[in-house]
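One structure is given here, and the rest of the page talks about it.
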Amino acid sequence: MIDRHPWLDALAHAVLIAGVLLVAFPVYVAVIASTHGPNDFMSGLVPLLPGSDTIANYRSMLTDGLSSSGAPPLGGMLWNSLVMALCVAFGKIAISILSAYAIVYFRFPFRAVAFWMIFVTLMLPVEVRIVPTFKVVADLGLLDSYAGLTVPLIASATATFLFRQFFLTVPEELMEAARIDGAGPLKFFRDILLPLSRTNIAALFVILFIYGWNQYLWPMMVTTKSSHYTIVMGIKRMSDVADALPQWNVVMTTVVLALLPPVIVVVGMQRLFVKGLIETEK
Amino acid sequence: MQTKRTVFGNRLLPYAFLFPQLAVTVIFFLWPAGQAVIQSFQREDAFGLSTTWVGLANYADLLHDPTYLNSLKVTAIFAPAVTLLSVGLGLVFAVCLDRLVRGSRIYAALLVWPYAVAPAVAGIMWWFLFNPSIGLLPYLLAAVGYRWDHSLQPTDAMILVVIAASWKQVSYNFLFFMAGLQAIPKSMIEAAAIDGAGPVKRFFTIVFPLLSPTTFFLAVINLVYAMFDTFPVIHATTGGNPAQSTNILVYKVFVDGFIGLNLGSSAAQSVVLMAIVVTLTVIQFKWVERKVNY
């Protein structure tokens with residue numbers, strides 16, 4: 001503290017409290033809406049205090065879904081989202097750490113070509129090449145499968161760069177010592193590099209889990225049957241109905257269930273999350 | 001390109017390690033992107049039975065297509081608005097937090113979690129808050145005499161999607177500004193304080209200029225976010241309407257290609273978007289290199 005300005009400190013507190021409230025407000029309203037029965041949304045104003053239908057809403061959505069709009073129970077959708085988020089996160093980490101290892105610890109023809117090919121994936125978000133990518137997945141027969149949901153998303157330039165940067169900082173002596181002791185590339189990777197990368201893997205996992213969980217366009221394209229719907233894309237189907245026939249309570253129940261898991265991950269692993277976020281962008 | 005001083009001599013192993021990544025890249029990234037480029041020079045007949053080469057006709061058509069030009073205009077409003085709002089708020093929160101000694105960790109924890117919320121979910125929540133018949137915000141606006149209706153008023157719809165898209169991004173910008181502020185040497189601020197510069201003057205003459213690399217980086221990242229990752233916000237709320245007023249480029253590619261089945265035009269739009277992303281990514285990497293060599 002350089003100079004004291006009590007009024008500036010007060011202002012800072014005021015701005016931050018306003019910010020916290022602003023950020024939390026939509027979620028508060030969603031949570032409140034998920035505790036009310038359907039009749040509270042027919043007219044007037046959305047309720048701002050908790051209602052008494054919490055258990056009924058969550059139980060019926062988790063086990064029965066919304067039959068009027070053909071939406072399946074949320075339990076299955078949550079499961080699909082979890083499978084997708086975990087497969088995307090672990091898939092990206094696995095193939096990226098291997099390619100970074102190849103690029104940093106080996107010298108071979110076409111190394112630069114491989115590096116640039118991986119770099120390209122950074123530039124081509126699925127949104128801009130959606131039609132031809134969909135066609136490839138359809139031709140491979142991967143529609144309505146977990147493979148179709150996850151495999152096309154697991155190439156990762158950011159994760160590869162992160163591991164590459166990290167490997168470059170690992171002291172040369174470690175590998176030289178390992179080689180003198182007779183460790184081959186596989187043993188060195190498994191017994192030395194992998195344990196050293198633990199924090200990076202964990203930080204990356206937090207970011208990639210959120211990325212996988214929050215996918216919207218891709219699951220919407222590759223799933224035609226409700227058995228493979230993920231929860232984030234499933235909300236849209238319910239809210240479409242909601243406009244014709246207000247079912248805001250169950251839509252908001254779905255919203256709360258869809259945002260809770262990634263938020264828990266971020267809150268529970270805040271330090272790793274910040275590390276992962278800041279390092280993947282370097 | 002860097003490697004280690006000593007490397008493993010194995011010849012096949014590196015290819016085996018790279019294979020999964022490259023296979024996914026080629027099959028799901030390069031091949032479809034190439035297809036998009038090829039299709040952008042072709043046109044299919046109405047039944048999809050034959051395709052003919054049309055050269056640059058698809059691109060030329062885009063330039064004369066009022067809906068595409070409108071979409072460009074919409075994106076040119078939407079993306080900078082989201083960037084300005086979310087970077088601005090992120091900076092304000094970070095600067096306020098940087099002043100405080102006590103409570104800063106609690107505030108930080110309470111400000112970062114929205115990053116985890118999916119854009120589609122954020123869109124639905126704000127859509128609910130702004131619901132013209134029962135939403136809270138239209139109710140408050142009505143009290144000051146404004147009749148909010150984003151299903152009819154283009155401006156209202158634009159405001160809705162800008163807020164919904166910016167909301168979760170504030171936390172991201174906040175975190176990067178926090179890191180940027182912590183990197184500013186305290187001695188510099190102290191020197192200015194001794195010379196008699198007050199907190200406001202110090203911010204504009206020292207802190208903000210020293211944050212400019214962070215600000216520039218965030219501007220690029222947020223433009224990319226607003227142009228490409230906000231698809232779910234639009235799709236889950238306005239669907240590009242009313243009267244095309246929120247039909248941003250990336251949403252239009254989807255609508256034309258998947259719903260309109262106008263493959264040639266959609267492919268040409270994809271290629272234009274790819275060119276934009278590549279440009280922005282190159283700018284961003286140039287900046288990163290400059291920072292490293294500084």
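The values are calculated or read from the model by the stated rules, or taken from the named source; none is laboratory data. What you see is a predicted model, and the numbers here were worked out from it, not measured in a lab. Glycine also receives a Cβ, built like all others from the backbone with ideal geometry; neighbour counts cover every protein chain displayed. Only protein heavy atoms, including side chains, enter the accessible area calculation; ligands, DNA and RNA are left aside. Shrake-Rupley method; radii C 1.70, N 1.55, O 1.52, S 1.80 Å.
In whole Hz and in residue order, list the ³J(HN,Hα) couplings for the range A:195-200 that follow from phi through the Karplus curve 6.51 cos²θ - 1.76 cosθ + 1.60, θ = phi - 60°; x for Gly and Pro.
After applying 6.51 cos²θ - 1.76 cosθ + 1.60, I find x, 5, 8, 3, 5, 4 Hz.
When the C-alpha atoms of the range B:1-110 are aligned to their principal axes, what extent does each axis show, in angstrom, from largest down?
Cα spread of the range B:1-110 along its principal axes, largest to smallest: 70, 58, 25 Å.
So if we plug the beta-carbon distance of A:Leu174 and B:Leu56 into 1/(1 + (r/R0)^6) with R0 = 41 Å, what FRET efficiency do we get, rounded to 0.05? Mind showing how you got there, number by number?
Numbers: r = 55 Å, r/R0 = 1.34.
Using R0 = 41 Å, I get an efficiency of 0.15.
Say the cut-off is 24 Å between C-alpha atoms; which of A:Lys135/A:Lys225; B:Lys168/B:Lys201; A:Lys187/A:Lys275; A:Lys225/B:Lys168 go over it? Walk me through the numbers before you get to the answer.
On the way: A:Lys135/A:Lys225 17 Å; B:Lys168/B:Lys201 30 Å; A:Lys187/A:Lys275 28 Å; A:Lys225/B:Lys168 30 Å.
Too far apart for the 24 Å limit: B:Lys168/B:Lys201; A:Lys187/A:Lys275; A:Lys225/B:Lys168.
Give the value in nm², to one decimal: projected area of the alpha carbon convex hull of chain A, averaged over all directions.
Details: hull surface 87.6 nm².
That works out to 21.9 nm², a quarter of the Cα hull's surface.
Scaled to the compact-protein estimate 2.2 N^0.38 Å, what is the alpha-carbon radius of gyration of the range B:66-293, rounded to two decimal places?
Working: Rg = 20.2 Å, N = 228, 2.2 N^0.38 = 17.3 Å.
Ratio of Cα Rg to 2.2 N^0.38 Å: 1.17.
Compute the projected area of the convex hull of the Cα atoms of the protein assembly as shown, averaged over all viewing directions, and report it in nm² to one decimal place. Working shown, then result.
Numbers: hull surface 120.3 nm².
Taking the Cα atoms of the protein assembly as shown, their convex hull projects to 30.1 nm² on average.
Once you wrap a convex hull around the alpha carbon atoms of the range B:215-294, what is its projected area averaged over all directions, in nm²?
Working: hull surface 24.0 nm².
Value for the range B:215-294: 6.0 nm².
Between B:Leu12 and B:Lys286, what is the FRET efficiency for a Förster distance of 35 Å, r being their Cβ-Cβ separation, to the nearest 0.05? Write down the numbers at each step before the final one.
Values: r = 36 Å, r/R0 = 1.03.
So, using R0 = 35 Å, E works out to roughly 0.45.
For B:Ala109, put the label point 7 Å out on the Cα→Cβ axis and report which residues of the range A:193-229 keep their amide N under 12 Å from it.
No residue passes the distance filter.
How do B:Arg202, A:Arg59 stack up against each other in accessible area, from largest to smallest, with a 1.4 angstrom probe?
A:Arg59, B:Arg202
Quick one: accessible surface of A:Lys135, probe radius 1.4 Å, all protein chains present, in square angstrom to the nearest 10.
Around 110 Å² of this residue is reachable by solvent.
Using only Cα atoms and rounding to the nearest 10 degrees, what angle (0 to 90) does helix A:74-105 make with the longest principal axis of chain A?
20 degrees
Simple spin-label model, 7 Å along Cα-to-Cβ: B:Ala191 to B:Thr3 in nm?
A separation of 4.5 nm, rounded to one decimal place.
Can you give the mean number of other chain Cβ atoms that lie within 10 Å of the Cβ atoms in peptide A:212-220?
Per residue, the average neighbour count from other chains is 4.
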